[in-house]
Amino acid sequence: MAFCTTLHLLLVGLLSLPIFLSSTIAVAAAATPTNGGIRLGFIRKPSSDIPTFREAPAFRNGDSCGTDKIHITMNLDANYLRGTMAAVLSILKHSTCPENFSFHFLWSRFQPEIFSNIKSTFPYLNFKIYRFDSNHVRGKISKSIRQALDQPLNYARIYLAAILPLDVKRVIYLDSDLVVVDDIAKLWEVDLEDKVLGAPEYCHANFTKYFTELFWSNPVWAKTFDGRKPCYFNTGVMVVDVEKWRKGDYTKKVEEWMEVQKNIRIYHLGSLPPFLLVLGGNIKGVDHRWNQHGLGGDNIEGKCRNLHPGPVSLLHWSGKGKPWLRLDSRKPCSVDHLWAPYDLYKSSMHSLEEYN
């Protein structure tokens, strides 16, 4: 009953989402960086492999907004672009000061059609795109339990301090398979105290299962967490002090564990375990409402899961199942209907059919 009530309340709140249709502007990006970003350049027709989207409405600041920027970083992957667009729309819609956002997108392969899609879908969005050089992780990635976790771009979050401009002191990192249903400024304002990273912690989870018996049987590695009380945290939603990360050389610390993993299998789950090894038990805990994760099910089957009890500010389809794929297959889970109103994909009419 608690789940049904929560689901109903969220759906009622989402019904107000306006959907605007417009033609796609066929512009693309030149590969010339401007202050670390990409500037507009030549014209190119969209590739049939890249989805196109409806234009989102323009969101404007409220009267009480100042000029301080909120920096948000996300990856750009053609396979997850539909999710990225929905996430951006949800952030803008629920923000009091949407014009204060500065988006920093990371991509590993130059695809001008993706740039053109962002410009035409969000004409007023303040954003830059940065290239993540896959050579940074060449020879460091070990095969995990799901192929999507092995993509080089999945490791880009480790290198934010080297990629982002020096004037970006703090950033919210977000995965592409989520939507925000609250003002994300509240997450931005979390006091990290002396920590380099803030994220919801889940101390009830069996922390030992994230590492193999080979890890725990090694007398040196088994002492990794001595003096700490490590808890699982999901790296798909993080507030990061980029300056502290840079000064503490945390990229190198994470890479060192990745190199161990290449020689001896000490974990199974892509880029998450080395984060846990370096920072588990030493982060700022954030309210659980900011990552209602696991809605995509597990990493093997992606079966449906219900919402956890309690207030929700961010819905996250971590796991194998993605809402756009399940909706398209006409076999959605109940929680997928919470994502559908944010779907701007031109060939998708879920929002219009089900919520109008």
Hey, among the residues in the range 297-318 that are touching a His at 6+ places or on another chain (Cβ under 8 Å) and of a type in the set (Gly, Ala, Ser), which one's nearest to ASN79 (Cα to Cα)? SER318
Screening LEU269, LEU214 for residues that are open to solvent by 20 Å² or more (accessible area, probe 1.4 Å) and either at pLDDT 95 or above or of a type in the set (S, T, N, Q) (or both) leaves only LEU214
LYS262: passes all of (1) open to solvent by less than 80 Å² (accessible area, probe 1.4 Å); (2) in a helix (DSSP H, G or I); (3) not aromatic (Phe, Trp, Tyr) but (1)
Which residue pairs have Cβ atoms closer than 8 Å, lie 6 or more positions apart in sequence or on different chains, and pair a first residue in the range 131-160 that is farther than 23 Å from VAL196 by Cα with a second residue that is acidic (Asp, Glu) and at pLDDT 85 or above? LYS140/GLU255; LYS140/GLU259; GLN151/ASP77
Just need a number here: residues in the range 329-343 that are more than 18 Å from LEU89 (Cβ to Cβ) and either within 16 Å of the chain's Cα centre (by Cα) or open to solvent by 10 Å² or more (accessible area, probe 1.4 Å) (or both). 5
Test TYR155 against the criterion of being within 19 Å of the chain's Cα centre (by Cα) and modelled with pLDDT under 95, and give yes or no. yes
Give the residues of the range 292-346 that are in a loop (DSSP other than H, G, I, E, B) and polar (S, T, N, Q), sorted by residue number. ASN299, ASN306, SER313, SER318, SER329, SER334
Which of the residues that make up the range 83-102 are more than 13 Å from PHE59 (Cβ to Cβ) and either among the hydroxyl-bearing types (Ser, Thr, Tyr) or surrounded by fewer than 21 Cβ atoms within 10 Å (Cβ to Cβ) (or both)? THR84, SER102
Can you tell me which residue among TYR80, TYR124 is under 20 Å from THR235 (Cα atoms), at pLDDT 90 or above and open to solvent by 50 Å² or more (accessible area, probe 1.4 Å)? TYR80
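The values are calculated or read from the model by the stated rules, or taken from the named source; none is laboratory data. All values derive from a computational prediction rather than experimental measurement. As a convention, Cβ positions derive from the backbone with ideal geometry for all residues, glycine included, and neighbour counts pool all protein chains shown. Ligands, DNA and RNA are stripped out before the accessible areas are found, and what is left, the full protein with its side chains, is counted by its heavy atoms. Shrake-Rupley method; radii C 1.70, N 1.55, O 1.52, S 1.80 Å.
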